[in-house]
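Trainee: Got a structure here, written out as structure tokens. Questions coming.
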Amino acid sequence: MNITSRRILLTVIVSALIVIEAFAGEAPRLIIFISVDQMREDYFERFAPYYSGGLRQLYTEGTFYSNANLNYASSVTCLGHATLSTGAYPMTSGILDNEWLNPVTRKSVYCVEDTSAGKVDGEGGGESPNNLLVTAIGDWLKTSSPKSKVITASGKDRAAILMGGKHPDCAYWYSRKNGHMVTSDYYTQHVPRWVTEFNSSQWIEKNVPPAWTKLLPESVYTKEGPDEFIAEAKVDSSSSFPHQFEPGKKTEQLLATPYGDLLVLDFAREAIRAEKLGQRGVSDLLCLSLSDCDYIGHAFGSNSHEMIDHLVRLDRALGSFFADAQKAIGVSNVLVVLSADHGVMPLPEFLSQFKHERARRIIYQTEIKKQLDSLDQLLQKEWNIHGQIFENGGFLNYASAARVGKDSLQVERRAGHILQSIDGIADVYFRRELMDARTPDRPYLSEFRRSYYPPRGEDYQIRYCEYCLVSSQTTGTSHGSVYSYDTHVPIVFWGAGAKRANVTREVHTVDIAPTLARILNVEYPRTVDGVPLEELK
Ligand SMILES: [Zn+2]
């Protein structure tokens, strides 16, 4: 053996050792992968004194990434869940928005719609991961270990479906029609008996009180601000505590209270028990997306009494759920991973009144659309064109402009100038800029690129000003921007193999799936844009 061969052999041995060390011990028997829909990273820090359950365990005992970001522009639910499970940015996964217009037919497409997916046992249907172009952590696990089970559950169809990847054992979501957890025949022809039994157990009647009231003393909440605030939306005809369910509407209003998450967690308990998740000598994956935080955040904002109360209730519920899972499977066999699909902007009125931030609400129809329409009309006159230049959904009428001798660059130059003259619009990114790597860099161009999948993309993407909430509503708040209030989310690993650490370097939600693949010792495809997190070796 010559020196070079010895060196190669040594390198192979050292590499092998590194691999062995990286996967020291067995892979966890159960990974519980949780997305708290609309959870901001600061919810851990700000409300830490009030946590005593699962959120406290995650924060104080887990590997906690305090500087995790989506790293792409469009911070909404479909993309958020697709990136969590696939490790691929929207530019790769094809899930570029909650809904988009088909560029050819201009018909709206919902991210998980699938008209070929039928009902199961008379419920659900109409949805599948058909529009998702890549595989996810559950698929990689099942390819490597066919006996492993992958089950997802959520208050929202889109979250359950996109966390599950292409071929989980099943994805279940909540039906507001009847309070059942449903699926589609993309996954199965019949649901297992435990699902039928759960759905007929009258869970809502047994577990949901007539009103949502505060759990902690009033002084905890008033430190954050008033309960009643002018910009809060009304959910049950009220924007302050106690929140009485409207008569006969518990099922419909459940997800806008903490009780929707409790239902999903109880459903997950049943999945662990009945499917023997983590108890069959292989690794299983249970993906849960908890939706209540999103509905409560949209209506009342991130500083509301409702949000504080929801989070402390979620903390308690997660603590008891984790304890039950560990009891069934063994403390060292369960790994919990928690992150979020996106954050949220605080109510702009709250920011300007109490935090002295320059924040404002822009009503889309009257402040953006109206101006754009009148500028469009002026341009039509000037160019002698009949019909709009700015078509619905971010498309431009290049064909009409071409008929009067204007090429696509002239159209975009003018369109960009017009759009940027509108108060509230900070920048515009055109298709060619998003697709051409030679476009000179400018703020947020990279983030918009990662959010853009050309075959489903519009002709241009708008970036609104920071702390500007563009909405059709006069109350409530939202997310969707590229700014940190919408994109800064928690990432935490807790349990089997995860050490206590607070990691402050910047990481991204696309890094979670390849990290889980490494923990499970399964291969992942080249469609993954993220990198395994080195702290989880
Ligand atoms: Zn969401």
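Every read-out reported here was derived from the displayed coordinates using simple, explicitly stated rules and does not represent laboratory data. Note that the structure is a prediction, hence the values are computed from the model and not measured. Reconstructed Cβ throughout: ideal geometry from the backbone, glycine too, with neighbour counts over all protein chains shown.
Trainee: Take the alpha-carbon centre of the stretch 166-198, take the same for the stretch 411-435, and report the distance between them in whole Å.
Mentor: Centre-to-centre distance over Cα atoms comes out at 44 Å.
Trainee: May I pose another question? Quick check on packing: order 243-250, 451-458 by the mean number of other C-beta atoms within 10 Å, highest mean leading.
Mentor: By packing density, highest mean first, the sequence is 451-458, 243-250.
Trainee: Here is a follow-up. May I ask which residue of H167, W383, A117 lies farthest towards the positive end of the charge dipole of the chain, with charges of +1 (Lys, Arg) and -1 (Asp, Glu) on Cβ and the Cα centre as origin?
Mentor: H167
Trainee: If packing is taken as the mean number of other Cβ atoms within 10 Å per residue, what is the order of 506-512, 196-202, 473-479, highest first?
Mentor: For the peptides 506-512, 196-202, 473-479, the packing ranking is 506-512, 473-479, 196-202.
Trainee: Which of the peptides 436-442, 466-472 is most tightly packed, and how do the rest follow, going by the mean number of other Cβ atoms within 10 Å of each residue?
Mentor: 466-472, 436-442
Trainee: Then there is this: Taking a threshold of 31 Å on the Cα-Cα distance, which of the pairs K156/K214; K177/K369; K142/K537; K147/K537 fall above it?
Mentor: Over 31 Å apart, Cα to Cα: K177/K369.
Trainee: Can you find, among V507, H243, A317, the residue farthest towards the positive end of the dipole of the chain? Put +1 on the C-beta of Lys and Arg, -1 on that of Asp and Glu.
Mentor: After comparing all options, I get V507.
Trainee: Separate question: Over the stretch 360-471, what is the relative contact order in whole percent, taking alpha-carbon pairs under 8 Å and six or more residues apart?
Mentor: Value for the stretch 360-471: 33 percent.
Trainee: Another question, if that's okay. What is the spin-label model distance, in nm, from K537 to S237 if the labels are put 7 Å beyond Cα along the C-beta direction?
Mentor: In this crude spin-label approximation the distance works out to 6.2 nm.
Trainee: Principal axis lengths of the chain from Cα atoms, whole Å, largest first?
Mentor: Projected onto the principal axes, the Cα atoms of the chain cover 78, 73, 49 Å.
Trainee: Isolated Cys in the chain by the 4.7 Å beta carbon test?
Mentor: Taking the Cβ cut-off of 4.7 Å, the unpaired cysteines of the chain are C170, C287, C293.
Trainee: Convex hull over the alpha-carbon atoms of the stretch 37-117: what's its volume per residue in Å³?
Mentor: Taking the convex hull of the Cα positions in the stretch 37-117, it is 142 Å³ per residue.
Trainee: Based on DSSP, what percent of beta bridges with both residues in the stretch 360-471 are antiparallel, to the nearest 5?
Mentor: Antiparallel: roughly 65 percent of the beta bridges in the stretch 360-471.
Trainee: Using all alpha carbons of the stretch 352-410, what is the percent of pairwise distances in each 10 Å bin, ordered from the shortest bin to the longest?
Mentor: Result, from short to long distances: 19, 39, 20, 13, 8, 1 percent.
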